[in-house]
Structure formats: C-alpha cells, structure tokens
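Working notes for the structure below.
The values are calculated or read from the model by the stated rules, or taken from the named source; none is laboratory data. Here the structure is a predicted model, which means the values were calculated and not measured. Don't worry about glycine lacking a Cβ; one is built from the backbone with ideal geometry, like all the others, and counts go over all protein chains shown.
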C-alpha cells in the first residue's frame, strides 16, 4: 500500500503522535527525509505542539545528528570530505539509544545533539525524562535498508517522510552552508555533490514510510 500523503501541520501530527502513546505508553515517531527538507524545524514544532496540547511536557525531540562521528574520527577514516553520509554516523550507537528510550522509563535517558556552531555533537545535551510519552526521532537514514539502520523501523510506532521540491531543497541547503561559513560556490558544490549523493540513498525509503508529508510549504501551512 502506498503511504498516505498529508500536509506538514505540526498540531495535526502532534495529536496523531499522542494517540500512538495513549494508555500510559511511550511511542517513538520518526521524521525522515533528505538533507534540506525541513525535518528539524518540523520535529521541534511537533514536540512543541504536543506539549501544548497535553498541557505539560510529555514530548521530546531526539535527532540522529547527535551521532555524527567526531571530525577527528572522520579525518582518521578518510571520510571528512563527505560528512553527513550514512557511514559518517555511529548507527549502532543510535539504535542502542532508541532501544534504551523504549525500555528505560524510570530515569532520564541522556543523548547528544549536534551543535552547528562548532560542527560537533555535544554529549548529554538532550534528555528523555520519565514522564515523556512521545519521542520525535529525526534524521536522514531512519528507513535505510542497511544494517544497523534497518533495525530502526521496528522501534518506531510510525515513520513520516518529509518530501520537498528539489529547487526548494537546494535553496535551503545553500543558505544553510553559507550561514555556516562556506562561500556560495562551495555551498552549492556541497549541496549538489555531497548532500545530493545522500539524497539518492534516502529518497527511495519514502516508499516504506507510514506517511509522506508535504515539506514544500512553511511549517504549519494548511
């Protein structure tokens, strides 16, 4: 069956996520898509909407980007020039974290987040607290078929793939890369050659998502 298609409306998605965690359970929902698709903005908006809907902090944001390998490690592996590719992440560590989040509910589970200002993950900068019911997991490779990533879908209650027109995706990527120090020419080359190569791996995984979301509109657009 083809996945449903919905607008990327945070409030609608927050309500859907909270229903998945009804009855005192904890649900992990994955937001996936290629670089530049607005996944981070949408994931944070869904978390905010869920907490507002519940009237208390019941949702948490958990990004895959916290499992980037350190720059020094990428240099030693010869992979720094394609940072962001699937083999530049600690996939096994990320899977283990998701398993912990599902199993360990009587104490905080701490996780790393990626700091774009320094270009490195910051350990222990996020927490999934015992009262968390909905965890919005966000990243490029949540539906990738290769091990260990192929273990992730079984841990998710649902997966939501954000689809965005190529022209808009490239515009966002070039803007992002220039804001973080690249020249316009270098930003365009990275978006085309590095991010583009990753997108060719990620795009086919939309077929296995629960929902496909229209990421071409501003977050929250009707």
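Quick notes on this structure:
- Residue satisfying all of: in region 67-79; free of Cβ contacts under 8 Å to residues at least 24 places away in the same chain and exposed (fewer than 15 other Cβ atoms within 10 Å of the Cβ); farthest from residue 125 (Cα to Cα) among these: 78
- Residue 96 meets all of the listed conditions (1) surrounded by fewer than 18 Cβ atoms within 10 Å (Cβ to Cβ); (2) modelled with pLDDT under 95 but one, namely (2).
- The single residue among 101, 162, 136 that is modelled with pLDDT of 85 or more, part of a helix (DSSP H, G or I), touching a strand residue (DSSP E or B) at 6+ places or on another chain (Cβ under 9 Å) and more than 17 Å from residue 68 (Cα to Cα) turns out to be 101.
- Residue match in region 123-133 (condition: without any contact (Cβ under 8 Å) to a residue 60 or more places away in the chain and over 25 Å from residue 55 (Cα atoms)): yes
- The set of residues from region 45-65 being farther than 18 Å from residue 202 by Cβ, touching a strand residue (DSSP E or B) at 6+ places or on another chain (Cβ under 7 Å) and touching a residue at least 24 places away in the same chain (Cβ under 8 Å) comprises 46, 47, 50, 58, 59, 60, 61, 62.
- When 113, 85, 117 are screened for being out of contact with any strand residue (DSSP E or B) (no Cβ under 9 Å at 6 or more places or on another chain) and more than 20 Å from residue 200 (Cα to Cα), only 117 passes.
- Exclusive hit being under 28 Å from residue 199 (Cβ atoms), touching a residue at least 24 places away in the same chain (Cβ under 8 Å) and surrounded by fewer than 20 Cβ atoms within 10 Å (Cβ to Cβ), set 82, 15, 105: 82
To keep it simple, each residue is scored yes or no on (1) within 19 Å of residue 108 (Cβ to Cβ); (2) surrounded by fewer than 24 Cβ atoms within 10 Å (Cβ to Cβ).
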| residue | (1), (2) |
| --- | --- |
| 23 | no, yes |
| 27 | yes, yes |
| 42 | no, no |
| 52 | no, yes |
| 62 | yes, no |
| 65 | no, yes |
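- Elements of type strands (runs of 3 or more DSSP E) in region 1-72, at least 1 residues being at negative phi and at pLDDT below 90: 4-7
- The residue that is surrounded by the most Cβ atoms within 10 Å (Cβ to Cβ), among those in region 108-121 that are in contact with a helix residue (DSSP H, G or I) (Cβ under 9 Å, 6 or more places away or on another chain) and over 29 Å from residue 54 (Cα atoms), is 121.
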